[in-house]
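Okay, structure first, notes after.
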Amino acid sequence: MADKSNEKVLIKGNYAIAQAAINAGCQCYFGYPITPQTEIGEYLSGKMQELGRAYVCAESELGAINMVMGAVSTGVKAMTSSSSCAVSLMQEALSYASSDELPVVLVNVMRTGPGLGYIYPAQGDYNQAVYGGGNGDYKLIVLAPSTVQECVDLTYRAFYLAQKYRNPTMILADGLLGQMMEPASFGEYPYPEVDVSSWALTGAKGRDARKIYSVATDEKKQIQHIYDLHKKFEVIAENETTYEEFNTEDADIVLVAFGSMTRNIKAAMNVLRAKGKKVGCFRPVTLSPFPYKALKSLADKGKDLVVVEMNMGQMLKDVKYAVEGKVNVSFVSRPCGEWLSVEEIVDAVEDIMVSNTSKSIQPGSVKEVSYAAARA
Amino acid sequence: METNFILAGFGGQGILLAGTVLANAFMLEGKNVTWYPCYGAEMRGGTVNCEVVVSDTEVSSVHKQDTDYALVLNQQSFDRFVQRVKKGGTIIANSTLVAESKPRNDINYVFAPMGDIANSLGTSKVTNVVSLGVLSSVCNIVSKEYLAKGVEKVLGEKKKDLLPLNEKALANGFDALLTKV
């Protein structure tokens, strides 16, 4: 279906992630089926075998993520993929992998929560991805694709960043992106191979034995370890924070969204621009590290912000934190399911430009909205 | 300029495949396009649908409340999606399985016996491709030539032997409104 050529193919987000993982040199995939990401495992179950690489349908998500930890500790690239409620099962391992500095790559194609929820697309795992569900001071690198092409590009980047910084890296997609098809091209994996020879567990023949573990009985060493992890993340934030801006230069108000909602806010911006309203868009590509500085600079220029999310206000808090109360931050949301339509966003933003309130929108009832005053 | 299509029918009628062919046709024509299925606990015999959006610029949203064109292959899909056609939009129905009724007077109706046309080619399995032929005959932005290329792309090398049958299905669908079967 897809290969390394630059020819565009019509492909599902899930398949795009899977093929990009192959191109990136992923040697092992461990996973357990769950809608809406099952196609990733389905695709790799055949392809990995053809390529002589490893595919294991694990006994559980817990098993899968621990298998990935084992595989990447030997220096090879490996990944798992899952969805929301099952990614919850992997949180302990992510805390361990962060402490062990293991380049785990994990794909979360979000569905609805909390609990088992259902298979509708949602963006409710922002907090879990960015702030972590495991214990201790750690951070994942979190990349949020907004198109199928970016499912390819950010999967490439995830494998590179994971090894470059020896840090678990998550691709945070959603059910809409996983299930939809769109033209995308793959091309070659664009990043250099990272030298892992200084730490990978490859057998101690001819060298001293190595250990990778997270237990820390020596207090001083543990303190230093946490400082080192923290410092590493500051370097990541300095070097790897990425975002997109559209028409922010002359904008009075800027819409902020992540992932596949980006498409809808850009379309809403175009509608509002056509009506003579000065509206821009901002979209973090890396959710962690988060583009605080770039948002602060928009606030310094006095631009009000409207955060649009398919959750009850998760990235909203980071945006508010970034702007330090300097401008109004409003919020337009629906918890899950049918993505906020362009018309709903346009309506909401027009109201906000008048009143600066926030709104939660029920499906199919654009006009009947409940207002909840919320100023940053 | 953006146009969207909902394709709907029974599970097993090849609705998702028809949408895939349509989306491939648009891609091969160099347009921006998205395809989004209903997904989840679907089953054979249940209803299934997918949405295709095509645009000269970036696609605005993948999943919309209403549609410019609805292509429906069974009665349940007709009843459901006739409500979601925009004012002035068009519903194109398989009259082999759909009663020719017009519950709204602000949209256009096209009825063609897609199932009968497919059967006359020897198999009801190509009803979906026949329906695309009908669609291209009533919708200017769907090119018959690129649909043929889309079919070829979707069939691939493996199922190349099915290409002549599908090309015939497309052509007969395209001519359906001009000739009676």
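What follows is calculated from the coordinates using simple rules that are stated; it is not laboratory data. Just so we're clear, the structure is a prediction, and the values are computed from it rather than from any experiment. Neighbour counts are summed over all protein chains in view; Cβ atoms, including those assigned to glycine, are modelled from backbone coordinates with ideal geometry.
If the only charges are +1 at each Lys and Arg Cβ and -1 at each Asp and Glu Cβ, what is the size of the charge dipole of the range A:244-375 around the Cα centre, to the nearest 20 debye? Walk me through the numbers on the way to the answer.
On the way: 18 positive and 17 negative charges, 46 e Å.
Approximately 220 debye in magnitude.
Set the Förster radius R0 to 56 Å, insert the Cβ-Cβ distance between A:Glu238 and B:Met1 as r into 1/(1 + (r/R0)^6), and round the FRET efficiency to 0.05.
The formula returns an efficiency of 0.85 here.
What number comes out for the charge environment of A:Met180, summing +1 per Lys or Arg and -1 per Asp or Glu over other residues with Cβ under 12 Å away?
The answer is -2.
Looking at chain A as a GNM with Cα springs under 10 Å, which of A:Asn264, A:Asn239, A:Asn311 has the largest mean-square fluctuation?
Result: A:Asn239 has the largest fluctuation of those listed.
How much of the DSSP beta bridge set in the range A:244-375 is antiparallel, as a percent to the nearest 5?
Percentage antiparallel, nearest 5: 30.
Can you find, among B:Phe174, B:Thr47, B:Ala70, the residue farthest towards the positive end of the dipole of chain B? Put +1 on the C-beta of Lys and Arg, -1 on that of Asp and Glu.
B:Thr47
Using +1 at the Cβ of each Lys and Arg and -1 at the Cβ of each Asp and Glu in chain A, identify which of A:Asn127, A:Leu102, A:Val354 lies farthest towards the dipole's positive end.
The listed residue farthest towards the positive side: A:Leu102.
Once you sort the root eigenvalues of the Cα gyration tensor of the range B:2-174 as a ≥ b ≥ c, which label holds: rounded (a/c under 1.5), prolate (a/b larger than b/c) or oblate (the other case)?
Working: a/c = 1.42, a/b = 1.10, b/c = 1.29.
Verdict is rounded for the range B:2-174.
Could you work out the local net charge near A:Asn66, counting Lys and Arg as +1, Asp and Glu as -1, over the other residues with Cβ closer than 13 Å to its Cβ?
Around A:Asn66, the charge tally is -4.
Please give every one of the lysines within straight-line cross-link reach of A:Lys205, meaning a C-alpha to C-alpha distance under 29 Å, and leave out same-chain neighbours fewer than 8 residues apart.
Excluding near neighbours in sequence, the set is A:Lys77, A:Lys164, A:Lys221.
Which residue fluctuates most in the GNM of chain A (Cα springs below 10 Å): A:Arg166, A:Arg283, A:Arg210?
A:Arg210
Sum up the charges of everything whose Cβ sits under 11 Å from the Cβ of B:Ala118, counting Lys and Arg as +1 and Asp and Glu as -1, but leave B:Ala118 out.
Neighbourhood net charge equals +1.
Once the cut-off is 35 Å, how many percent of the Cα-Cα pairs in chain A end up in the long-distance tail?
26 percent
Quick check on my link table: of A:Lys266/B:Lys86; A:Lys4/B:Lys86; A:Lys301/B:Lys31, which ones sit more than 29 Å apart, alpha carbon to alpha carbon?
From A:Lys266/B:Lys86; A:Lys4/B:Lys86; A:Lys301/B:Lys31, over 29 Å: A:Lys4/B:Lys86; A:Lys301/B:Lys31.
Of the candidates A:Lys164, A:Lys77, A:Lys221, which one comes out as most mobile in a Gaussian network treatment of chain A with C-alpha springs shorter than 10 Å?
A:Lys221
Would you tell me the mean number of C-beta atoms belonging to other protein chains that fall within 10 Å of each C-beta in B:30-37, as a whole number?
Mean partner shielding for this stretch: 5.
Across peptide A:180-188, how many C-beta atoms of other chains are within 10 Å of each residue C-beta, on average?
5
Take every DSSP beta bridge whose two residues both sit in the protein assembly as shown, then give the antiparallel share in percent to the nearest 5. Can you show the working numbers first?
Numbers: 31 of 80 bridges.
So the antiparallel bridges in the protein assembly as shown amount to around 40 percent.
Taking a ≥ b ≥ c as the square roots of the eigenvalues of the Cα gyration tensor of the range A:53-109, is the shape rounded (a/c under 1.5), prolate (a/b larger than b/c) or oblate?
In terms of gyration-tensor shape, oblate.
Report the GluC sites (Glu not before Pro) located in the range B:100-181 that are in a DSSP loop and have at most 16 other Cβ atoms inside 10 Å of their Cβ, or state none.
Values: sites: B:Glu100, B:Glu145, B:Glu152, B:Glu157, B:Glu167; in loops: B:Glu100, B:Glu157.
Counting only loop positions with at most 16 other Cβ atoms within 10 Å, the GluC sites (Glu not before Pro) in the range B:100-181 are B:Glu100, B:Glu157.
Counting pairs of alpha carbon atoms under 8 Å apart in space and at least six apart in sequence, what relative contact order in percent does chain A give? Spell out each step's value before the answer.
On the way: 812 pairs, mean separation 59.2, N = 376.
Computed value for chain A: 16 percent relative contact order.
Just the number, please: Stokes-Einstein D of the range B:1-86 in µm²/s, Kirkwood Rh from C-alpha pairs, 4 °C, 1.567 mPa s.
Details: Rh = 13.0 Å.
Once the numbers are plugged in, D ends up at 100 µm²/s.
With only alpha-carbon atoms counted, please give the Rg and Dmax of the range B:106-181, in Å.
Reported Rg and Dmax, both Å: 12.3, 44.
With the Cα gyration tensor of the range A:244-375 giving a ≥ b ≥ c as the square roots of its eigenvalues, does the rule (a/c under 1.5 for rounded; else a/b larger than b/c for prolate; else oblate) give rounded, prolate or oblate? Mind showing how you got there, number by number?
On the way: a/c = 1.40, a/b = 1.26, b/c = 1.11.
Rounded, since a/c falls under 1.5.
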